[in-house]
Amino acid sequence: MEEALPTPRKRGRPRKDKPKEEREREEPAAAEKMRERADKKSHHSSVVDEKYVQWKSLVPVLYDWLANHNLLWPSLSCRWGPQLEQGKFKNRQRLYLSEQTDGSVPNTLVIANCEVVKSRVAAADHVSEFNEEARSPFVKKYKTIIHPGEVNRIRELPQNNSIIATHTDCPEVLIWDVEAQPNRHAVLGAADSRPDLVLTGHQENAEFALAMCPAEPFVLSGGRDKSVVLWSIQDHVSTLTTDATTKYPRSSGSIIKAADNSSVGPRGIFLGHEDTVEDVQFCPSSAQEFCSVGDDSCLILWDARVGSSPVVKVEKAHDGDLHCVDWNPHDQNLILTGSADHSVCMFDRRNLTSDGVGSLIHKFEGHKAAVLCVQWSPDRSSVFGSSAEDGLLNIWDYDRVGKKKEHATRTPNFPPGLFFQHAGHRDKVVDFHWNAADPWTIVSVSDDCETSGGGGTLQIWRMSDLIYRPEEEVLAELEKYMSHVIECTSKS
(Lines give C-alpha, C1' and ligand atoms only; values in the text may rest on other atoms or scores of the structure.)
Protein backbone atom coordinates (compact mmCIF):
# COMPACT_ATOMS: atom_id res chain seq x y z
CA MET A 1 0.00 0.00 0.00
CA GLU A 2 1.40 3.36 -1.07
CA GLU A 3 2.08 5.96 1.58
CA ALA A 4 -0.07 9.08 1.21
CA LEU A 5 1.83 12.24 0.31
CA PRO A 6 1.68 15.02 2.90
CA THR A 7 -0.53 18.00 2.12
CA PRO A 8 1.02 21.45 2.03
CA ARG A 9 1.27 23.13 5.44
CA LYS A 10 -1.23 25.82 6.27
CA ARG A 11 -0.21 29.10 7.86
CA GLY A 12 -0.41 29.28 11.64
CA ARG A 13 1.15 27.90 14.77
CA PRO A 14 1.52 24.10 14.92
CA ARG A 15 -1.04 22.15 16.92
CA LYS A 16 0.27 20.78 20.20
CA ASP A 17 -0.46 17.08 20.80
CA LYS A 18 -2.73 16.36 23.77
CA PRO A 19 -2.43 13.43 26.20
CA LYS A 20 -4.08 10.17 25.06
CA GLU A 21 -6.75 10.21 27.82
CA GLU A 22 -7.80 13.74 26.92
CA ARG A 23 -7.99 12.84 23.22
CA GLU A 24 -10.21 9.81 23.96
CA ARG A 25 -12.60 11.94 26.05
CA GLU A 26 -12.85 14.48 23.26
CA GLU A 27 -13.32 12.02 20.35
CA PRO A 28 -17.18 11.95 20.29
CA ALA A 29 -17.41 15.71 20.49
CA ALA A 30 -14.65 16.02 17.89
CA ALA A 31 -16.56 13.78 15.47
CA GLU A 32 -19.66 15.94 15.85
CA LYS A 33 -17.57 19.06 15.29
CA MET A 34 -16.11 17.53 12.14
CA ARG A 35 -19.62 16.87 10.77
CA GLU A 36 -20.63 20.44 11.58
CA ARG A 37 -17.45 21.74 9.95
CA ALA A 38 -18.13 19.69 6.80
CA ASP A 39 -21.67 21.10 6.58
CA LYS A 40 -20.35 24.63 7.04
CA LYS A 41 -17.65 24.04 4.43
CA SER A 42 -20.24 22.81 1.91
CA HIS A 43 -22.43 25.85 2.59
CA HIS A 44 -19.37 28.14 2.44
CA SER A 45 -18.33 26.67 -0.94
CA SER A 46 -21.78 27.28 -2.45
CA VAL A 47 -21.79 30.86 -1.12
CA VAL A 48 -18.28 31.45 -2.48
CA ASP A 49 -19.24 30.06 -5.91
CA GLU A 50 -22.34 32.26 -6.02
CA LYS A 51 -20.33 35.36 -5.12
CA TYR A 52 -17.66 34.43 -7.66
CA VAL A 53 -20.20 34.11 -10.49
CA GLN A 54 -21.59 37.51 -9.55
CA TRP A 55 -18.08 39.02 -9.45
CA LYS A 56 -17.12 37.57 -12.84
CA SER A 57 -20.19 39.09 -14.48
CA LEU A 58 -19.01 42.53 -13.31
CA VAL A 59 -15.36 42.16 -14.43
CA PRO A 60 -15.76 44.19 -17.69
CA VAL A 61 -17.21 47.09 -15.68
CA LEU A 62 -14.88 47.05 -12.67
CA TYR A 63 -11.50 46.27 -14.25
CA ASP A 64 -9.25 47.94 -16.77
CA TRP A 65 -7.30 44.66 -17.10
CA LEU A 66 -7.24 41.25 -15.45
CA ALA A 67 -5.18 38.11 -16.04
CA ASN A 68 -5.97 34.81 -14.29
CA HIS A 69 -3.22 32.21 -13.97
CA ASN A 70 -3.94 28.76 -12.54
CA LEU A 71 -1.13 27.32 -10.39
CA LEU A 72 -0.44 23.61 -10.08
CA TRP A 73 0.99 24.16 -6.59
CA PRO A 74 0.14 26.83 -3.99
CA SER A 75 2.39 29.88 -3.77
CA LEU A 76 2.57 31.57 -0.36
CA SER A 77 4.23 34.69 -1.76
CA CYS A 78 4.21 36.81 -4.92
CA ARG A 79 6.41 39.84 -5.66
CA TRP A 80 7.08 42.13 -8.59
CA GLY A 81 10.64 42.28 -9.85
CA PRO A 82 12.24 44.84 -12.19
CA GLN A 83 10.61 46.09 -15.36
CA LEU A 84 12.53 44.63 -18.30
CA GLU A 85 11.02 46.28 -21.35
CA GLN A 86 8.47 48.95 -22.25
CA GLY A 87 6.27 48.45 -25.31
CA LYS A 88 3.51 50.38 -27.04
CA PHE A 89 0.65 48.35 -25.55
CA LYS A 90 2.30 46.33 -22.78
CA ASN A 91 5.41 46.15 -20.61
CA ARG A 92 7.47 43.11 -19.66
CA GLN A 93 8.38 42.63 -16.02
CA ARG A 94 9.86 40.03 -13.67
CA LEU A 95 7.54 38.25 -11.25
CA TYR A 96 8.68 36.11 -8.29
CA LEU A 97 6.56 33.16 -7.13
CA SER A 98 7.03 29.84 -5.38
CA GLU A 99 5.74 26.29 -5.64
CA GLN A 100 4.80 24.69 -2.32
CA THR A 101 4.61 21.02 -3.30
CA ASP A 102 3.43 17.84 -1.56
CA GLY A 103 6.87 16.20 -1.71
CA SER A 104 6.43 14.38 -5.03
CA VAL A 105 8.66 17.06 -6.61
CA PRO A 106 10.94 19.64 -4.95
CA ASN A 107 9.76 22.99 -3.63
CA THR A 108 10.82 25.76 -5.98
CA LEU A 109 11.38 29.48 -6.28
CA VAL A 110 10.01 30.58 -9.67
CA ILE A 111 11.20 33.57 -11.66
CA ALA A 112 8.62 34.44 -14.32
CA ASN A 113 8.29 37.04 -17.05
CA CYS A 114 4.98 38.85 -17.04
CA GLU A 115 3.44 40.94 -19.82
CA VAL A 116 1.57 43.80 -18.16
CA VAL A 117 -1.04 45.32 -20.47
CA LYS A 118 -1.09 49.11 -20.33
CA SER A 119 -4.00 51.15 -19.07
CA ARG A 120 -7.03 51.47 -21.38
CA VAL A 121 -5.67 48.97 -23.90
CA ALA A 122 -7.55 45.74 -23.14
CA ALA A 123 -11.04 45.33 -24.59
CA ALA A 124 -13.86 44.70 -22.10
CA ASP A 125 -14.86 41.36 -23.64
CA HIS A 126 -11.24 40.15 -23.51
CA VAL A 127 -10.91 41.12 -19.83
CA SER A 128 -13.88 38.95 -18.84
CA GLU A 129 -13.02 35.91 -20.99
CA PHE A 130 -10.64 33.71 -19.01
CA ASN A 131 -10.59 30.06 -18.00
CA GLU A 132 -10.12 29.48 -14.28
CA GLU A 133 -8.40 26.15 -14.93
CA ALA A 134 -5.90 27.46 -17.51
CA ARG A 135 -2.59 29.24 -17.36
CA SER A 136 -2.43 32.81 -18.55
CA PRO A 137 -0.49 33.64 -21.73
CA PHE A 138 0.70 36.79 -19.93
CA VAL A 139 2.77 34.78 -17.40
CA LYS A 140 5.68 32.64 -18.59
CA LYS A 141 8.19 30.79 -16.42
CA TYR A 142 11.72 32.07 -17.01
CA LYS A 143 13.80 30.23 -14.43
CA THR A 144 13.34 27.65 -11.66
CA ILE A 145 15.45 27.48 -8.49
CA ILE A 146 15.14 24.32 -6.37
CA HIS A 147 14.56 25.76 -2.92
CA PRO A 148 15.70 24.01 0.28
CA GLY A 149 12.25 23.74 1.86
CA GLU A 150 9.03 25.51 0.96
CA VAL A 151 9.14 29.24 0.26
CA ASN A 152 7.03 31.09 2.83
CA ARG A 153 8.06 34.65 1.98
CA ILE A 154 9.91 36.47 -0.81
CA ARG A 155 11.35 39.98 -0.60
CA GLU A 156 13.37 41.91 -3.20
CA LEU A 157 16.34 44.18 -2.48
CA PRO A 158 15.67 47.76 -3.68
CA GLN A 159 19.38 48.49 -4.19
CA ASN A 160 19.90 45.63 -6.67
CA ASN A 161 17.22 44.19 -8.96
CA SER A 162 18.66 40.69 -9.09
CA ILE A 163 18.86 40.03 -5.32
CA ILE A 164 15.97 38.52 -3.34
CA ALA A 165 15.61 37.01 0.11
CA THR A 166 13.46 34.02 1.08
CA HIS A 167 12.10 32.53 4.29
CA THR A 168 11.53 28.81 4.73
CA ASP A 169 10.97 26.51 7.72
CA CYS A 170 14.42 27.06 9.20
CA PRO A 171 16.21 29.70 11.33
CA GLU A 172 18.20 31.14 8.41
CA VAL A 173 17.31 33.75 5.79
CA LEU A 174 18.44 32.75 2.27
CA ILE A 175 19.77 35.33 -0.22
CA TRP A 176 19.66 34.61 -3.97
CA ASP A 177 21.16 36.32 -7.00
CA VAL A 178 18.38 35.16 -9.32
CA GLU A 179 20.23 36.15 -12.51
CA ALA A 180 23.39 34.27 -11.56
CA GLN A 181 21.55 31.16 -10.33
CA PRO A 182 21.34 28.33 -12.92
CA ASN A 183 17.96 27.23 -14.23
CA ARG A 184 17.03 23.87 -12.69
CA HIS A 185 14.66 21.06 -13.62
CA ALA A 186 12.53 20.23 -10.58
CA VAL A 187 12.37 16.42 -10.39
CA LEU A 188 12.19 14.14 -7.38
CA GLY A 189 15.66 13.59 -5.94
CA ALA A 190 17.23 16.68 -7.51
CA ALA A 191 19.72 18.47 -5.27
CA ASP A 192 18.75 21.83 -3.78
CA SER A 193 20.07 24.98 -5.41
CA ARG A 194 22.78 26.64 -3.33
CA PRO A 195 21.87 30.09 -1.97
CA ASP A 196 24.41 32.83 -2.63
CA LEU A 197 24.34 33.92 1.00
CA VAL A 198 22.92 32.63 4.29
CA LEU A 199 21.97 35.03 7.10
CA THR A 200 22.31 33.47 10.55
CA GLY A 201 21.18 34.67 13.97
CA HIS A 202 17.79 33.11 14.79
CA GLN A 203 17.72 30.28 17.34
CA GLU A 204 14.42 28.82 16.08
CA ASN A 205 12.55 28.74 12.78
CA ALA A 206 11.88 32.10 11.12
CA GLU A 207 9.07 31.51 8.65
CA PHE A 208 7.20 34.67 7.64
CA ALA A 209 8.57 37.92 9.05
CA LEU A 210 10.95 39.33 6.42
CA ALA A 211 11.74 42.82 5.10
CA MET A 212 14.30 44.61 2.94
CA CYS A 213 15.32 48.19 3.70
CA PRO A 214 14.52 50.88 1.07
CA ALA A 215 17.37 53.11 2.31
CA GLU A 216 20.32 50.68 2.57
CA PRO A 217 20.99 46.97 1.80
CA PHE A 218 19.74 45.81 5.21
CA VAL A 219 17.57 42.76 5.94
CA LEU A 220 15.17 42.30 8.85
CA SER A 221 13.59 39.06 10.10
CA GLY A 222 11.45 37.73 12.92
CA GLY A 223 10.86 34.19 14.13
CA ARG A 224 9.55 31.66 16.62
CA ASP A 225 12.41 32.56 18.99
CA LYS A 226 10.50 35.84 19.65
CA SER A 227 13.41 37.86 18.30
CA VAL A 228 13.86 40.45 15.56
CA VAL A 229 17.21 40.14 13.78
CA LEU A 230 18.97 42.78 11.64
CA TRP A 231 21.67 42.19 9.02
CA SER A 232 23.62 44.28 6.53
CA ILE A 233 24.42 42.53 3.26
CA GLN A 234 27.34 44.94 2.95
CA ASP A 235 29.02 42.88 5.65
CA HIS A 236 29.63 40.36 2.87
CA VAL A 237 30.01 42.38 -0.28
CA SER A 238 32.20 42.41 -3.37
CA THR A 239 30.68 45.24 -5.41
CA LEU A 240 27.53 47.24 -4.89
CA THR A 241 25.50 48.56 -7.80
CA THR A 242 23.21 51.25 -6.46
CA ASP A 243 22.09 52.81 -9.74
CA ALA A 244 18.52 51.53 -9.99
CA THR A 245 18.31 52.68 -13.62
CA THR A 246 21.07 50.35 -14.83
CA LYS A 247 19.80 48.11 -17.61
CA TYR A 248 19.12 44.44 -16.99
CA PRO A 249 20.78 41.98 -16.39
CA ARG A 250 22.37 43.09 -13.13
CA SER A 251 24.19 39.98 -11.87
CA SER A 252 27.59 41.35 -12.99
CA GLY A 253 27.18 43.96 -10.28
CA SER A 254 26.10 41.48 -7.65
CA ILE A 255 26.52 42.53 -4.06
CA ILE A 256 27.06 38.88 -3.08
CA LYS A 257 30.38 37.05 -3.34
CA ALA A 258 30.34 33.72 -5.13
CA ALA A 259 31.54 31.48 -2.33
CA ASP A 260 30.49 28.13 -0.93
CA ASN A 261 28.45 28.24 2.28
CA SER A 262 28.82 32.03 2.57
CA SER A 263 27.14 33.30 5.71
CA VAL A 264 26.69 36.57 7.57
CA GLY A 265 25.97 37.11 11.25
CA PRO A 266 23.58 39.77 12.54
CA ARG A 267 24.19 43.45 13.22
CA GLY A 268 21.73 43.18 16.10
CA ILE A 269 19.20 40.92 17.84
CA PHE A 270 16.19 42.68 19.37
CA LEU A 271 14.14 41.14 22.16
CA GLY A 272 10.75 42.34 23.39
CA HIS A 273 8.08 40.02 21.98
CA GLU A 274 6.59 37.23 24.09
CA ASP A 275 5.50 35.02 21.19
CA THR A 276 6.31 34.34 17.53
CA VAL A 277 7.16 37.43 15.46
CA GLU A 278 4.89 37.30 12.40
CA ASP A 279 5.96 40.36 10.39
CA VAL A 280 8.55 43.16 10.33
CA GLN A 281 8.96 46.39 8.39
CA PHE A 282 11.60 49.11 8.04
CA CYS A 283 10.92 52.81 8.36
CA PRO A 284 11.02 53.90 4.66
CA SER A 285 13.83 56.44 5.25
CA SER A 286 15.97 54.64 7.83
CA ALA A 287 17.91 51.40 8.14
CA GLN A 288 18.03 51.82 11.92
CA GLU A 289 14.31 52.25 12.66
CA PHE A 290 11.82 49.43 12.18
CA CYS A 291 8.71 47.82 13.62
CA SER A 292 7.43 44.30 14.29
CA VAL A 293 4.19 42.50 15.16
CA GLY A 294 3.54 39.07 16.60
CA ASP A 295 1.26 36.45 18.09
CA ASP A 296 1.48 38.30 21.42
CA SER A 297 -0.84 40.98 19.92
CA CYS A 298 1.97 43.54 20.25
CA LEU A 299 3.22 46.21 17.87
CA ILE A 300 6.81 47.23 18.72
CA LEU A 301 8.93 50.09 17.37
CA TRP A 302 12.72 49.70 17.48
CA ASP A 303 15.72 51.97 16.93
CA ALA A 304 19.06 50.16 16.52
CA ARG A 305 20.93 53.36 17.44
CA VAL A 306 19.64 53.32 21.02
CA GLY A 307 19.91 49.62 21.84
CA SER A 308 18.16 46.29 21.47
CA SER A 309 15.12 47.01 23.65
CA PRO A 310 11.77 48.35 22.36
CA VAL A 311 11.47 52.11 21.92
CA VAL A 312 7.67 51.87 22.07
CA LYS A 313 5.60 48.76 22.77
CA VAL A 314 1.86 48.69 22.08
CA GLU A 315 0.74 45.83 24.35
CA LYS A 316 -2.67 45.16 22.83
CA ALA A 317 -2.74 46.52 19.31
CA HIS A 318 -5.53 44.06 18.36
CA ASP A 319 -7.82 41.51 19.98
CA GLY A 320 -5.86 38.64 18.44
CA ASP A 321 -2.57 37.57 16.85
CA LEU A 322 -1.01 40.16 14.56
CA HIS A 323 -0.09 38.76 11.13
CA CYS A 324 1.18 41.74 9.15
CA VAL A 325 2.46 45.31 9.30
CA ASP A 326 3.38 48.04 6.80
CA TRP A 327 4.88 51.51 7.10
CA ASN A 328 3.57 54.30 4.87
CA PRO A 329 6.29 55.35 2.35
CA HIS A 330 4.59 58.75 1.80
CA ASP A 331 3.78 59.65 5.42
CA GLN A 332 6.23 58.02 7.81
CA ASN A 333 4.03 58.63 10.83
CA LEU A 334 1.44 56.09 9.66
CA ILE A 335 1.68 52.34 10.32
CA LEU A 336 -0.84 49.62 9.39
CA THR A 337 -1.39 46.32 11.19
CA GLY A 338 -3.56 43.33 10.23
CA SER A 339 -4.81 40.71 12.65
CA ALA A 340 -6.57 37.42 13.28
CA ASP A 341 -9.40 39.56 14.73
CA HIS A 342 -10.41 40.32 11.08
CA SER A 343 -9.46 44.00 11.28
CA VAL A 344 -6.82 46.43 10.02
CA CYS A 345 -5.67 49.20 12.38
CA MET A 346 -3.89 52.43 11.50
CA PHE A 347 -1.52 53.94 14.07
CA ASP A 348 0.36 57.24 14.29
CA ARG A 349 3.90 56.61 15.52
CA ARG A 350 3.83 59.94 17.39
CA ASN A 351 0.93 58.77 19.53
CA LEU A 352 0.99 54.98 19.72
CA THR A 353 -0.29 54.50 23.25
CA SER A 354 -2.63 56.14 25.71
CA ASP A 355 -2.52 55.01 29.35
CA GLY A 356 -0.58 51.92 28.28
CA VAL A 357 -3.17 50.89 25.67
CA GLY A 358 -2.82 51.10 21.90
CA SER A 359 -4.16 54.42 20.59
CA LEU A 360 -5.18 53.90 16.97
CA ILE A 361 -6.34 56.43 14.40
CA HIS A 362 -8.95 54.14 12.87
CA LYS A 363 -9.96 50.49 12.77
CA PHE A 364 -10.92 49.25 9.29
CA GLU A 365 -13.45 46.42 9.49
CA GLY A 366 -14.37 44.84 6.16
CA HIS A 367 -13.07 41.27 6.39
CA LYS A 368 -14.80 38.21 7.82
CA ALA A 369 -11.63 36.23 8.58
CA ALA A 370 -8.01 36.70 9.63
CA VAL A 371 -6.11 39.43 7.76
CA LEU A 372 -2.89 38.02 6.27
CA CYS A 373 -1.34 40.93 4.36
CA VAL A 374 -1.50 44.74 4.34
CA GLN A 375 0.35 47.11 2.03
CA TRP A 376 0.27 50.82 1.32
CA SER A 377 -0.21 51.89 -2.29
CA PRO A 378 2.84 53.43 -3.99
CA ASP A 379 0.47 55.61 -6.06
CA ARG A 380 -1.56 57.47 -3.42
CA SER A 381 -0.54 58.21 0.17
CA SER A 382 -3.95 57.50 1.72
CA VAL A 383 -4.67 54.22 -0.13
CA PHE A 384 -3.79 50.70 1.00
CA GLY A 385 -4.82 47.12 0.43
CA SER A 386 -5.60 44.23 2.78
CA SER A 387 -6.07 40.54 2.00
CA ALA A 388 -7.53 37.85 4.22
CA GLU A 389 -8.59 34.26 4.69
CA ASP A 390 -12.10 35.24 3.52
CA GLY A 391 -10.80 35.31 -0.08
CA LEU A 392 -11.14 39.08 -0.44
CA LEU A 393 -8.59 41.77 -1.24
CA ASN A 394 -9.96 45.10 -0.04
CA ILE A 395 -8.72 48.49 -1.25
CA TRP A 396 -9.15 51.31 1.27
CA ASP A 397 -8.71 55.08 1.28
CA TYR A 398 -8.53 56.57 4.78
CA ASP A 399 -9.21 60.04 3.32
CA ARG A 400 -12.74 58.78 2.62
CA VAL A 401 -13.40 57.69 6.20
CA GLY A 402 -14.81 61.08 7.21
CA LYS A 403 -16.85 61.24 4.02
CA LYS A 404 -18.86 58.11 4.83
CA LYS A 405 -22.19 59.96 5.12
CA GLU A 406 -22.02 61.63 1.74
CA HIS A 407 -21.16 58.27 0.09
CA ALA A 408 -23.67 56.24 2.10
CA THR A 409 -26.36 56.41 -0.58
CA ARG A 410 -24.00 54.90 -3.16
CA THR A 411 -22.28 52.27 -0.97
CA PRO A 412 -24.63 51.54 1.93
CA ASN A 413 -23.03 48.20 2.81
CA PHE A 414 -19.39 49.29 2.61
CA PRO A 415 -17.56 50.15 5.86
CA PRO A 416 -15.91 53.59 6.05
CA GLY A 417 -12.86 53.89 3.80
CA LEU A 418 -13.51 50.77 1.68
CA PHE A 419 -13.92 51.73 -1.98
CA PHE A 420 -13.02 48.56 -3.94
CA GLN A 421 -13.27 44.84 -3.22
CA HIS A 422 -11.43 42.32 -5.37
CA ALA A 423 -13.42 39.07 -5.14
CA GLY A 424 -11.71 37.07 -7.88
CA HIS A 425 -10.14 34.53 -5.50
CA ARG A 426 -12.19 31.66 -4.11
CA ASP A 427 -9.93 30.88 -1.15
CA LYS A 428 -7.65 32.71 1.25
CA VAL A 429 -5.54 35.45 -0.36
CA VAL A 430 -2.14 34.78 1.20
CA ASP A 431 -0.18 37.57 -0.47
CA PHE A 432 -0.40 40.53 -2.85
CA HIS A 433 1.94 43.24 -4.12
CA TRP A 434 1.33 46.67 -5.68
CA ASN A 435 3.35 47.26 -8.84
CA ALA A 436 5.56 50.33 -8.38
CA ALA A 437 6.40 50.37 -12.11
CA ASP A 438 2.79 50.22 -13.33
CA PRO A 439 0.31 52.43 -11.40
CA TRP A 440 -2.68 50.77 -9.70
CA THR A 441 -1.64 47.29 -10.89
CA ILE A 442 -1.68 44.48 -8.32
CA VAL A 443 -0.58 40.84 -8.30
CA SER A 444 -2.38 38.61 -5.80
CA VAL A 445 -2.25 34.91 -5.01
CA SER A 446 -4.60 32.53 -3.20
CA ASP A 447 -3.98 29.12 -1.66
CA ASP A 448 -6.84 27.01 -3.01
CA CYS A 449 -6.28 23.85 -0.92
CA GLU A 450 -9.57 24.29 0.95
CA THR A 451 -11.79 24.74 -2.11
CA SER A 452 -10.12 22.65 -4.81
CA GLY A 453 -7.91 20.28 -2.82
CA GLY A 454 -4.68 21.80 -4.09
CA GLY A 455 -3.06 24.41 -6.29
CA GLY A 456 -3.53 28.14 -6.25
CA THR A 457 -4.65 31.11 -8.30
CA LEU A 458 -2.48 34.01 -9.38
CA GLN A 459 -4.27 37.13 -10.60
CA ILE A 460 -2.81 40.31 -12.05
CA TRP A 461 -5.32 43.12 -12.19
CA ARG A 462 -5.98 46.81 -12.41
CA MET A 463 -9.29 48.39 -11.42
CA SER A 464 -10.93 50.84 -13.82
CA ASP A 465 -9.55 54.34 -13.35
CA LEU A 466 -13.15 55.60 -13.17
CA ILE A 467 -13.18 54.12 -9.65
CA TYR A 468 -10.19 55.91 -8.11
CA ARG A 469 -9.91 59.15 -10.09
CA PRO A 470 -11.41 62.36 -8.62
CA GLU A 471 -15.18 62.40 -9.00
CA GLU A 472 -15.27 65.66 -10.95
CA GLU A 473 -12.79 64.26 -13.52
CA VAL A 474 -14.85 61.12 -13.99
CA LEU A 475 -18.13 63.02 -14.37
CA ALA A 476 -16.54 65.39 -16.92
CA GLU A 477 -15.27 62.44 -18.95
CA LEU A 478 -18.63 60.67 -18.85
CA GLU A 479 -20.35 63.89 -19.85
CA LYS A 480 -18.04 64.15 -22.85
CA TYR A 481 -18.84 60.56 -23.87
CA MET A 482 -22.56 61.19 -23.46
CA SER A 483 -22.38 64.32 -25.64
CA HIS A 484 -20.47 62.34 -28.26
CA VAL A 485 -23.06 59.54 -28.26
CA ILE A 486 -25.94 62.04 -28.57
CA GLU A 487 -24.19 63.80 -31.45
CA CYS A 488 -23.54 60.52 -33.30
CA THR A 489 -27.14 59.40 -32.74
CA SER A 490 -28.58 62.65 -34.10
CA LYS A 491 -26.39 62.42 -37.24
CA SER A 492 -27.51 58.87 -37.93
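Could you tell me whether region 304-317 includes any residue that is open to solvent by less than 40 Å² (accessible area, probe 1.4 Å), under 19 Å from Glu207 (Cβ atoms) and not in a loop (DSSP other than H, G, I, E, B)? No, the conditions are met nowhere in region 304-317. Among the residues making up region 359-384, those that are assigned to a strand (DSSP E or B) and closer than 14 Å to Pro416 by Cα are Ile361, His362, Lys363, Phe364, Val383, Phe384. The condition (being among the β-branched types (Val, Ile, Thr) and within 20 Å of the chain's Cα centre (by Cα)) is satisfied by just one residue among Val173, Val198: Val173.
The set of residues in region 277-301 that are in a loop (DSSP other than H, G, I, E, B), surrounded by fewer than 22 Cβ atoms within 10 Å (Cβ to Cβ), more than 19 Å from the chain's Cα centre (by Cα) and of a type outside the set (Gly, Ala, Ser) comprises Gln288, Asp296.
Among the conditions (1) open to solvent by 10 Å² or more (accessible area, probe 1.4 Å); (2) under 21 Å from Leu84 (Cβ atoms), Ala190 misses just one, which is (2).
Just one residue in the set Glu216, Glu156, Glu204, Glu179 is in contact with a helix residue (DSSP H, G or I) (Cβ under 7 Å, 6 or more places away or on another chain), surrounded by fewer than 21 Cβ atoms within 10 Å (Cβ to Cβ) and charged (D, E, K, R); that residue is Glu179. The condition (being at pLDDT 95 or above, touching a Cys at 6+ places or on another chain (Cβ under 6 Å) and at negative phi) is satisfied by just one residue among Lys428, Lys363: Lys363.
A quick yes/no check of all residues on (1) open to solvent by less than 30 Å² (accessible area, probe 1.4 Å); (2) touching a strand residue (DSSP E or B) at 6+ places or on another chain (Cβ under 7 Å); (3) not charged (D, E, K, R):
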| position | (1), (2), (3) |
| --- | --- |
| Gly103 | no, no, yes |
| Pro106 | yes, yes, yes |
| Ile111 | yes, yes, yes |
| His126 | no, no, yes |
| Ala134 | no, yes, yes |
| Thr144 | yes, yes, yes |
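Within region 333-358, the set of residues being outside any strand (DSSP E or B), more than 20 Å from the chain's Cα centre (by Cα) and in contact (Cβ under 8 Å) with a residue 40 or more places away in the chain comprises Arg349, Leu352, Gly356. Only residues that are closer than 20 Å to Ser444 by Cβ and either of a type in the set (Asp, Glu) or in a loop (DSSP other than H, G, I, E, B) (or both): list them for region 81-99, please. Matches in region 81-99: Glu99 only.
The values are calculated or read from the model by the stated rules, or taken from the named source; none is laboratory data. Fair warning: this is a prediction, and the values are worked out from it, not measured in the lab. Note: ideal-geometry Cβ built from the backbone for every residue, glycine included; neighbour counts use all protein chains shown. In case anyone asks, the SASA skips ligands and DNA or RNA and just uses the protein heavy atoms, side chains included. Shrake-Rupley method; radii C 1.70, N 1.55, O 1.52, S 1.80 Å.
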